[in-house]
Structures are given as C-alpha cells and as structure tokens.
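Structure, as structure tokens:
The values are calculated or read from the model by the stated rules, or taken from the named source; none is laboratory data. Quick caveat, the model's predicted, so the values are computed rather than measured. No Cβ is skipped: glycine too gets one built from the backbone with ideal geometry, and neighbour counts run over all protein chains shown. For accessibility, only protein heavy atoms count, side chains too; no ligands or nucleic acids. Shrake-Rupley method; radii C 1.70, N 1.55, O 1.52, S 1.80 Å.
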Amino acid sequence: MDKVFKALADSSRRRLLDRLHAKNGQSLNELCDGLEMTRQAVTQHLALLEQANLVAVQRQGREKLHFLNPVPVYEIYARWIRKFEQPPSAHSTISK
C-alpha cells in the first residue's frame, strides 16, 4: 500500500490517473497530448503507477495501451476512509 500512497502523492501522476479515468486505454502519445511534461517524464510517471498496480498495460500491435486499475484505490478507501464515514458513536470520546 505504500507504493500506492507514494504514487498518489504526486499531482502529475494523479492527473494521469484522472485522464485514464476519463478515457481508459490510452497510448503514451494520447496521454502526453496537452500535458506540460516531456514524454520521458510521462513514461517515468507511468512506470511508477504500474509498479503501484494503479495502471495496467496491454500491448496492441506496437503500441502499449494504459488502463486504470481502481482496485488499489478501493483498498485504500476500504481500509482508511470507509470506517471514518460513520458518525462517531456515543461511546467514543474526543479530547479537546
């Protein structure tokens, strides 16, 4: 889970994930289009996202298509966020 948090900590990588969420299955050229990053920087960010299992790659001919994998984000939600969505119970106390 540390790799996922590290990957999500960077705004450029979050932007790439947002772009894949909007249109899944993009090539490197499509992901680079309109970004103020070099192709090499996008490639490095995608590699880190792949290592964190947030992006899956599928070869189509000579191209690699990139797909968002939402499972790690859901696991963070299930482990760290969902339990705090419930209002505090009458038995819990909060120090002030």
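Touching a residue at least 12 places away in the same chain (Cβ under 8 Å) and touching a Lys or Arg at 6+ places or on another chain (Cβ under 8 Å): does that describe residue 37? When the stated conditions are applied, residue 37 does not pass them. Identification of helices (runs of 4 or more DSSP H) wholly contained in segment 13-76 with 3 or more residues that are open to solvent by less than 50 Å² (accessible area, probe 1.4 Å) and farther than 16 Å from residue 2 by Cα yields 28-32, 39-51.
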